[in-house]
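Inspection log for the structure reproduced underneath, given as structure tokens.
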Amino acid sequence: MASETIALNLVDRGTRPIGDRLHDWVVTVDHKKLGILYILYALLFLVIGGIEATIIRIQLVVPHNHFVSPQVFNRMFTMHGTTMIFFVFMPMLFGFGTYLIPLMIGARDMAFPRLNAFSFWMTAFGGLLLYFSFIGGNGLYGAGNAPDVGWFAYAPLTSRAFSPGHSTDFWTLGLLVSGFGSIGTAVNFIATILCMRCPGMTLGKMPLLAWLNLVMAGMVILAVSPLTAAQIMLSIDRYLGAHFFDSQAGGSAVLWMHFFWIFGHPEVYILVIPAFAFVSEIIPVFSRKPIFGYPVMVAATVCIGFVSFSVWAHHMFTVGMTSYANSFFTITTMVVGVPTGIKIFNWIGTMWGGKIQFRAPMLFCVGFLFQFLTAGLTGIMLSASPFNWQLSNSYFVVAHFHYVLVGAILFTIFGAFYYWFPKMTGRMYNETFAKWHFWLFLIGFHLTFDFMHIPGMLGMPRRIYTYEPGRGWEIWNLIVTIGVIFQIAGVLVFVFNLLRSLVKGETAGSDPWDAWTLEWSTSSPPPEYNFAKIPVVKSRRPLWDIKHPEDPDWKYE
Amino acid sequence: MKAARHEKEWGRVVGPVAGILILLAAVLLAASLCSAATGPAVPSIFKPESTPADSIYGLSLLVLAVTGIIFVIVFSLLAYVVTKFRRRASDGPEPPQVYGSNQIEIAWTVIPVLIVLVLFMATARVIHAIQDAREPKGAIEVTAIGHQFWWEFRYPTLGIVTANELHVPVSDPSHPTPTFLKLLSADTDHSFWVPRLAGKTDLIPNRVNKMWIDPHETGLYVGQCAQYCGMQHAKMLLRVYVDSPEQFEQWVQEEKKPAQSSDAVNEGRRIFETTACINCHTVSGTVADGRFGPDLTHLMSRDTIASGAAPNTPENLQTWIQEPDAIKPGSLMPAMKLNDHDLNALTAYLETLR
């Protein structure tokens, strides 16, 4: 294929001084380097957010524990939630998208390379600004000046009366800055996918990963904008004396909830749709079959994209809406389950009749399928608003959304790491360590999040730094905390494996998985500008057509 | 060759994995059933004692049954697929390439739509039954006001004000005396949640919310604030005492009386009325008429102080006055720093507020 003419660009890569090479990374506009920067940045914050979660779980291991003060606990859960959503999952998924989309659609870079760099650095500085709160103010004492209003920062807790000092401002400005980055990336994804596809790749022949990221990017523009607006309104409230959310002066606390959740619910899908994208690429390759029902998968994604904008108030079933509003948001929320179910069935259909290889990427995707099924069903329970009146704001909800975020999204991210690691680095990871990672993390995940549902049904609300003994919650909290140990062990194996494979891994070659999409047609790691000659495709699986000239896909599509 | 054997071993592991997961699900189910059956102090949503909680319980059983059946079916399907279609050692050519099937797609679209419709209609009935229930004659009316971090309960028709421990009469189905709560907030958002009596409803500043309960059994029902409201959200506990009609009537009569104090505790009363206490607390029949803290007129009728954070004993009362942070760090009660003599006198006075 195209790789032999590219060697020119690799000249003396290893011999230049380290300062020059670092400078290359800082000023780069190459989508691959930016993608890797996004991913490394997200990995760093994954560790930080994990440490915060561990502190939370140690505090809750027994009732009336004194491991941390209530103030530190409140800061920990606020920072944990904010970090994981905005500075782990979004940059991680954007990073994979930035890296993969041009490669998979046969383009040499993103549509706007410099906007791409700008977006990354905005996101990065947003995170740094948020974390500066730890050392601004009181220094590290009592977690410094970190925000303690919860990751959805309900008004009027964020007003100056209840949140003096600058902790809330760090939260507001950190998200505002990174929000600009997210919108920039979304614009870039849309422009790239719509305008930069290689010849022959009509919309109907794009890899599903490109389709799903296109839908995701559209949702980012629609969903992040209200959040940005709300952050600005909150800052005006705090510093210029407006009263949008200031209930002491006639403002509306409920208005903030609407603003936040019209962002916050689509946000869940903004995170899970790229995860679906990974699964839709990995399952076919390791089942040795094309994706089952490609057009339906696209339609279901677009459908989820639309419907997810009409469900936000299911986060507000307890705020006293009318019975009509509660019924409306119940039915819309339940309806989202239909296209989501279709996707699960299509992945099963893809595996059906295949020859499944259980390499690490596939193991994580199979884990995803089981866990996402459960997460979807607890979601249906929560959508029934009367049931929600009991479950909302309890540990049941915490367990439910961690099932989505960890059990579904983080599992697929790990799968994606193993799947594309050979492409990004040119080296294979170690399969044995990867399987240790999978099993340790699987056990830890189930110990923690399966048993976390139970205290919620026994009346334990979320966000409490301690609890009363004798309410039947002790044993479950103990098990939940024990699970964390396994999860930490799994992540340590993962990081060790990445570092070790980077140095010692076997050479991967351009196509270690015998896969079918364009990124595997170029060398590993791909050269600058990806393709010496822009590829021309005739079907959704261009490499299948090349490998099987007697039975090409384009005859059937 | 080595790699192929490696894969075969792992392929063999997948079957047991499915087994483990099924086992885990069974453990989960058994565990939740067991815990639902434990002691009366457990505020489980599966032990309802009031109509709203009971209707939700009924609905939750339906939803659990439907989702449980879906879970078992899809789980089995998945487990079957990952066991049956794993690659064998005799590694042949690529499997048949199948691109999709419209009939199957239609089937697995239509069936979920029907399930959703059924679930929605069952849910809508319960929403209507709970939210749109009319207030019958003879209902008890209570205004609950959320504060950082305690509950104020006012009975406007009975002229009673109390805090943190709500008393309501048991409601006999043949002669219902439900309690209708009007929910307000003095500062941030809070949420009223006593799982065995009803689902939660938020208390939001600048907004009037409503909920109702009609407990079927006398006894103590515990719950707590369920919307993060600041530093001491965890210790904003809630106790609902469901009294027999006679007990309730007696409690009402006691609470209506102004504070009685004897001359023996005059010194403590003087300290109470000349320090900052009266800025925040009310003792009816005296000059103390503050509204920021709980009404203390009948302080001794309550089992707990600090919104359930500590039992109402003389020692705890003294700790609470001198150093509230020892019980509830971040509560808005200031540390009074009295000398021992004044503290003892003040506590003696408070202990007469029955």
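Only the coordinates and a few stated rules stand behind these numbers; no lab work does. All figures in this text were calculated on a predicted structure; none of them were measured in a lab. Cβ sites come from the backbone with ideal geometry, for glycine too, and all protein chains shown count toward neighbours.
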Exercise. Can you work out ³J(HN,Hα) from phi for every residue in the range B:275-291, in order, using Karplus 6.51 cos²θ - 1.76 cosθ + 1.60 and θ = phi - 60°, giving whole Hz and x for Gly and Pro?
Worked result: 9, 5, 3, 6, 5, 10, 10, 10, 10, 5, x, 10, 6, 6, 9, x, 10
Problem set entry | FRET E, pair A:S323, A:I546, Förster distance 51 Å, beta-carbon r, rounded to 0.05 | 0.30
Exercise. Which of the DSSP-defined H helices in chain B satisfy a minimum axial length of 24 Å, computed from C-alpha atoms, and a minimum mean Kyte-Doolittle hydropathy of 0.0?
Worked result: B:2-36, B:51-84, B:102-131
For this session: Have a look at A:M79, A:T412, A:M196 and report the one farthest towards the positive end of the charge dipole of the range A:3-555, computed about the Cα centre with Cβ charges (Lys/Arg +1, Asp/Glu -1).
Result: A:M196
Seminar exercise, completed: Long-range amide H partners of B:S284, meaning residues 5 or more apart or on another chain whose placed amide H is closer than 5 Å, are B:A259, B:T297
Exercise. In nm, to one decimal, how far is the modelled label at B:E246 from the one at A:T432, with both set 7 Å along Cα→Cβ?
Worked result: 7.8 nm
Exercise. Can you give the mean number of other chain Cβ atoms that lie within 10 Å of the Cβ atoms in peptide B:323-333?
Worked result: 1
Problem set entry | Over chain A, relative contact order from alpha-carbon pairs under 8 Å, at least 6 apart, % | 17 percent
For this session: Would you pull out the residues with amide H under 5 Å of A:I356's amide H, same chain only if 5 or more places away, H placed 1.01 Å from N?
Result: B:R86, B:R87
Problem set entry | Length added when fully stretched, B:I73-B:D289, from 0.36 nm per residue minus Cα-Cα | 71.4 nm
Exercise. Which FRET efficiency value, to the nearest 0.05, is calculated for A:K504 and A:W554 with the Förster distance at 41 angstrom and r the Cβ-Cβ distance?
Worked result: 0.50
Seminar exercise, completed: Per the 1/(1 + (r/R0)^6) rule, R0 = 60 Å and r from the Cβ atoms of B:E94 and A:I475, FRET efficiency to 0.05 is 0.75
Exercise. Tell me, A:S159, A:S182 in order of fewest to most beta-carbon neighbours within 10 Å?
Worked result: A:S159, A:S182
Exercise. Scattering from the C-alpha atoms of chain A alone, worked out with Debye: what is log10 I(q)/I(0) at q = 0.05, 0.06, 0.07, 0.08 1/Å?
Worked result: -0.20, -0.29, -0.40, -0.53
Exercise. In µm²/s, what is D for the range A:427-557 at 20 °C and 1.002 mPa s, where D = kT/(6 pi eta Rh) by Stokes-Einstein and Rh is the Kirkwood radius from Cα pairs?
Worked result: 112 µm²/s
Exercise. What is the gain in length, in nm to one decimal, between B:M121 and B:Q260 on full extension, counting 0.36 nm per residue of separation less the C-alpha to C-alpha distance?
Worked result: 44.4 nm
Seminar exercise, completed: Residue-normalised 222 nm signal for the protein assembly as shown, counting each DSSP H run of n ≥ 4 as -39,500 (n - 2.57), nearest 500 deg cm²/dmol, is -18500 deg cm²/dmol
For this session: Could you tell me which of the pairs B:K210/B:K337; A:K32/A:K504; A:K538/B:K84 are separated by over 31 angstrom between their Cα atoms in the structure shown?
Result: B:K210/B:K337; A:K538/B:K84
Exercise. Across the residues of A:430-438, average count of Cβ atoms on other protein chains within 10 Å?
Worked result: 1
For this session: Enumerate the aspartates and glutamates that A:K555 could reach by cross-link, defined here as Cα to Cα under 18 Å, with residues fewer than 8 away along the same chain left out.
Result: A:D545, B:E94
For this session: Could you list which residues have their amide H under 5 Å from that of B:I140, counting only those 5 or more apart in sequence or on another chain, with H placed in the peptide plane?
Result: B:T179, B:F180
Exercise. So which aspartates and glutamates can B:K182 reach, going by Cα to Cα under 19 Å and dropping same-chain residues fewer than 8 places off?
Worked result: B:D132, B:E135, B:E141, B:E152, B:E165, B:D202, B:D214, B:D295
Seminar exercise, completed: Of all trypsin sites (Lys or Arg not before Pro) in the range A:484-540, the ones in DSSP coil with at most 14 other Cβ atoms within 10 Å are A:K533
Exercise. For the range A:69-84, what does the Karplus curve 6.51 cos²θ - 1.76 cosθ + 1.60, with θ = phi - 60°, yield as ³J(HN,Hα) per residue in whole Hz, taken in order and with x for Gly and Pro?
Worked result: 6, x, 5, 5, 4, 4, 5, 5, 6, 5, 5, 4, x, 4, 4, 5
For this session: Rounded to the nearest 10 degrees, what's the angle between the helix A:18-27 long axis and the longest principal axis of chain A, both from Cα atoms, 0 to 90?
Result: 70 degrees
Exercise. On a 0 to 90 degree scale, rounded to 10, what angle separates helix A:253-287 from the longest Cα axis of chain A?
Worked result: 30 degrees
Exercise. Relative to the longest principal axis of chain A, what angle (0 to 90°, nearest 10) does the C-alpha long axis of helix A:294-307 take?
Worked result: 20 degrees
Problem set entry | Label zone at B:D303 (point 7 Å along Cα-to-Cβ), backbone N below 12 Å, the range B:207-243 | B:219-223, B:238-243
For this session: Mind jotting down the distance between the C-alpha centroids of the range A:361-375 and the range A:385-422, whole Å?
Result: 11 Å
